[in-house]
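The values are calculated or read from the model by the stated rules, or taken from the named source; none is laboratory data. Keep in mind that this is a model prediction, so the values were computed, not measured. FYI the Cβ positions are ideal-geometry reconstructions off the backbone, even for glycines, and counts take in every protein chain you see.
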Amino acid sequence: MLRFFTSLILSIWCFSLCAEELFTLRVWLSDKEGCEFSLLHPEEFLSQRAIERHKRDDIVFSVCDLPVSKLYRERVMSVAKREVCHSNWLNTLVVECDSAKVGEIEFMPFVERIEILSKGDDIRKSTKSDFYNFGDINLHPLYGVAQPLSKSADVTRMHKKGHWGNGVFIAVLDDGFGGVDTLNQWFDLNRIKFTCDVVNPEGDIYSEDDHGTAVLSIMLANRKGEFVGVAPESDYALIRTEDISIETPYEEDFFVRGLEIADSIGVDIVNVSLGYEQVGDITAVSCIASEIASNKGIVIVSSCGNKGNAGFTHPADANGVIAVGGVDKRGRLADFTSKEFIRGKYVAPKTRALAEDVPIIDGSGKIMSAYGTSFAAPAVTGAIAIKKSY
């Protein structure tokens, strides 16, 4: 009998362990009651530049601009274990909690609904961007090896007139900007006006992957006769929103928060060289947030993905977003460029830039070659910055 009760207790204990699996939830809140801020004083949660952009474009401040209710946040966190991320625009919290606590959060009176984003450990994935040795180097007297970038972006005539993107504020949302802080031989680091790590607020974006470094180099690099980017006189905000070591739906929530931060500091353009795929019925929040940002007067430029006929990645398929495809040096559409299926045929984005054998600078300061629409988007972003700088 004693053995029976011992086995029963062990079984219950093991069951309890299984029941306490860690879930990641997206919690949609119903309102912002208890928010300590007011729309009458936007200067308390937005920069002066952001306020001026709203006024310039006649954009009215709304409830979505207000921060998430502190009261609701504290109530959810009294049950959850950790806040992963939050969104003011969507009025959401992404939290980790024990599976046994999911129902308690779901039935809080101010919770509209929840989405389970992950159960247990996230899927692990590659942790390094792939770049390649650059081929034959033909140095243009001004652009150096980067001459194909400005040619592809069709900005060489504007450069000759002295337009290099001055006065335009660009946010780059990416997976990290490894080595940028040490590459003053390539970049005017004074042009970097803001940095932020959404994934790990205590982290160092300059110690992460260098995919964002490569993307930034296409715009900001400025070394005459060696590598001159498309918009080296624009100002930049570097915001890490991607964790390349994991694959999970809440990476979109990091992206959303990054967009909100970009809006709050008053950027004009956001470059997105990231892409997200639909996961079941989980809401594509990157698309919703990109449409909100676009309606707030921010130009969103997004690579369309490298999936061929499998369709655009989010948020390139969102309304108001400029989706960018890729071409080779002869201007021919790159085979890997994602296409949308419209009216019985596959259609690539009309906006395109160089995406094959793209010259970039990696985190060690080497000139390398990259492939993909990730590296077409920044050339288009730079071109738009130049047009805005007139």
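Numbers for the structure displayed
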read-out	value
Test: residue in segment 172-190 that is part of a helix (DSSP H, G or I), touching a residue at least 24 places away in the same chain (Cβ under 8 Å), surrounded by 18 or more Cβ atoms within 10 Å (Cβ to Cβ) and out of contact with any Gly (no Cβ under 6 Å at 6 or more places or on another chain)	yes
Candidate set from segment 365-390 (those that are at pLDDT 95 or above and touching a Gly at 6+ places or on another chain (Cβ under 6 Å)); member that is surrounded by the fewest Cβ atoms within 10 Å (Cβ to Cβ)	Ile386
Criterion: assigned by TED's automatic domain parsing to the domain that holds Asn138, of a type in the set (A, V, I, L, M, F, W, C) and touching a Lys or Arg at 6+ places or on another chain (Cβ under 6 Å) - qualifying residue of Val228, Val180, Val198	Val198
Residues that are part of a loop (DSSP other than H, G, I, E, B), more than 21 Å from the chain's Cα centre (by Cα) and more than 18 Å from Gly135 (Cα to Cα), drawn from segment 317-335	Gly331, Arg332, Ala334, Asp335
For Glu252: the one exception among (1) without any contact (Cβ under 8 Å) to a residue 24 or more places away in the chain; (2) touching a helix residue (DSSP H, G or I) at 6+ places or on another chain (Cβ under 6 Å)	(1)
Criterion (touching a residue at least 24 places away in the same chain (Cβ under 8 Å), out of contact with any Lys or Arg (no Cβ under 8 Å at 6 or more places or on another chain) and not acidic (Asp, Glu)) met by exactly one of Phe131, Phe110	Phe131
Filtered residues of segment 191-207 (kept if assigned to a helix (DSSP H, G or I) and of a type outside the set (Gly, Ala, Ser))	Arg191, Ile205, Tyr206
Within segment 144-168, tally of residues that are surrounded by fewer than 23 Cβ atoms within 10 Å (Cβ to Cβ), touching a helix residue (DSSP H, G or I) at 6+ places or on another chain (Cβ under 9 Å) and not in a loop (DSSP other than H, G, I, E, B)	4
Verdict on Glu96 being under 24 Å from Thr283 (Cβ atoms), acidic (Asp, Glu) and touching a residue at least 40 places away in the same chain (Cβ under 8 Å)	yes
Close pairs (8 angstrom Cβ cut-off, 6 or more residues apart or separate chains): farther than 12 Å from Ala231 by Cβ in segment 142-156, among the hydroxyl-bearing types (Ser, Thr, Tyr) anywhere	Tyr143/Ser150; Thr156/Ser150
Hits in segment 337-363 - residues which are among the basic types (Lys, Arg), crowded, with 19+ Cβ neighbours inside 10 Å and more than 20 Å from the chain's Cα centre (by Cα)	Lys339
Some residue of segment 289-303 being over 24 Å from Ser389 (Cα atoms) and assigned by TED's automatic domain parsing to the domain that holds Ile244	yes
